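Read through the structure below, which is laid out as structure tokens, and then see the notes.
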């Protein structure tokens, strides 16, 4: 079974012939994170959160304009310090591209929470 066959919390992506993540993976290399989120919310709004998702599109546009005018400047560790040690460890793994290790840790948390 493909990860694309699974959706947590609804069917608003799975019901599409081509899911937004597939499109963005192939064609989104020129888009920043705000544009990708805007794309995602426009793609799903009719099938999930309606007006709330459209408000998110507008908010991401505002964030994008603000961050591109005055990019935030901070040290990576300063960012990670606001999280618990365990959460920061997973975020560091994701940031380093070690996503499988990060997902394994999160799966352990999920098992422990049951």
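Observations on the structure shown:
- In the set (1) modelled with pLDDT of 90 or more; (2) surrounded by 11 or more Cβ atoms within 10 Å (Cβ to Cβ), the condition left unmet by residue 51 is number (2).
- Residues in region 10-27 that are surrounded by fewer than 11 Cβ atoms within 10 Å (Cβ to Cβ) and in contact (Cβ under 8 Å) with a residue 24 or more places away in the chain: 11 alone.
- Inter-residue pairs, beta-carbon under 8 Å, first within 19 Å of residue 108 (Cα to Cα) and in the same structural domain as residue 110 (by TED's automatic domain parsing) and in region 75-97, second assigned to a loop (DSSP other than H, G, I, E, B) and at pLDDT 85 or above, 6+ apart: 88/81; 91/83
- Among the candidates 90, 57, the residue that is surrounded by 14 or more Cβ atoms within 10 Å (Cβ to Cβ), more than 30 Å from residue 16 (Cα to Cα), modelled with pLDDT of 90 or more and within 16 Å of the chain's Cα centre (by Cα) is uniquely 90.
The values are calculated or read from the model by the stated rules, or taken from the named source; none is laboratory data. Predicted model only: the values in this text are computed from it and were never measured. For neighbour counting, all protein chains shown are included, and Cβ atoms are generated from backbone atoms with ideal geometry for every residue, glycine included.
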